[in-house]
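To start, the structure itself, in structure tokens.
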Amino acid sequence: MNRIVAKEHFSENVVQLVVEAPEVAKARRPGHFVIVRCGEGGERIPLTISEADVKKGTISLVIQAVGVSTRKICALEPEEFLTALVGPLGKPTAIGRRDGTVLCCGGGVGIAPLLPIVQGMKEAGNRVVTVLAARTKDLIILEDQIRRWSDDVIVMTDDGSSGRKGLVTAGVEEVLNREDVAEVVAIGPAVMMKFVALLTKQYNVPTICSLNTIMVDGTGMCGACRVNVGGKMRFVCVDGPKFDAHQVDFDEMIMRMKAYDPQK
């Protein structure tokens, strides 16, 4: 069992838990995720690691309450325990020096898994520009941490309550037009990543996306996270979660995700 060390509410339905997991903290790389379980017989929930502290032996997880299991996890308090935590899993993001700006864009809770990539790219010596986007100010998370590792940060909100009013693509295109971008990393809702990929393809800029949102089991056994990438079937949890965004069939992915949305 893994003890909850600290808890922070980012919004009504989004919580960050700091969890004791010393071996995971040592092995974790940007892009890795863990599977957690709350309660005996509880559902397996894949969660991306947003931060890790090797000295303290802890990792940070950002959870959005969208169903029974995630609500149980979000309800945990410091000194309580996750029943199980396994990881790190998945393939880490390729971090290294790029010949040009690394443009990172995150939407909503997708900002959490973007943070270690922003940090890693900056530590590798890159110029890093980050675009953060959400429907409203309250859904922009981890902004201070993102600013700490970015050379420039652009905030876009649908209602204009923080930063500038508009979609993430407006901020992305501004950067594409003003400087030499070597690579774009996009993490967020599937529809956001789709339109970022369509935009960057016009500029012929390599783009990586993270398809964490479609994962269910986290081991490749359930097959729920299968996606079409470059005309071939891939499993997000074992082949990803990062893929070439220009090769992902987002329309098919979005259609399949509706099967897991109780409101559809």
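The values are calculated or read from the model by the stated rules, or taken from the named source; none is laboratory data. The model shown is predicted, which means the values in this text are computed figures rather than measured ones. Glycine gets a Cβ as well: all are built from the backbone with ideal geometry, and neighbour counts include every protein chain shown.
A few notes on this one:
- Pick from the range 47-72, criterion among the small types (Gly, Ala, Ser) and either under 16 Å from the mean Cα position of the chain (by Cα) or crowded, with 19+ Cβ neighbours inside 10 Å (or both), ranking: farthest from VAL24 (Cα to Cα): ALA65
- Residue satisfying all of: in the range 4-24; β-branched (Val, Ile, Thr) and in a strand (DSSP E or B); farthest from SER69 (Cα to Cα) among these: VAL5
- Output for the range 25-41, where each listed residue is assigned to a loop (DSSP other than H, G, I, E, B) and in contact with a strand residue (DSSP E or B) (Cβ under 8 Å, 6 or more places away or on another chain): ARG28, ARG29, GLY31, HIS32, CYS38
- The set of residues from the range 12-28 being farther than 24 Å from ASP138 by Cα, surrounded by fewer than 23 Cβ atoms within 10 Å (Cβ to Cβ) and in contact with a Leu (Cβ under 8 Å, 6 or more places away or on another chain) comprises just one member, VAL24.
- With a requirement of 3 or more residues that are touching a residue at least 60 places away in the same chain (Cβ under 8 Å), farther than 21 Å from GLU51 by Cα and in contact with a Phe, Trp or Tyr (Cβ under 6 Å, 6 or more places away or on another chain), none of the strands (runs of 3 or more DSSP E) lying completely within the range 101-177 satisfies it.
- Checking GLY110, GLY31 one by one, the residue that is outside the structural domain of GLU173 (by TED's automatic domain parsing), buried (at least 22 other Cβ atoms within 10 Å of the Cβ) and among the small types (Gly, Ala, Ser) is GLY31 and no other.
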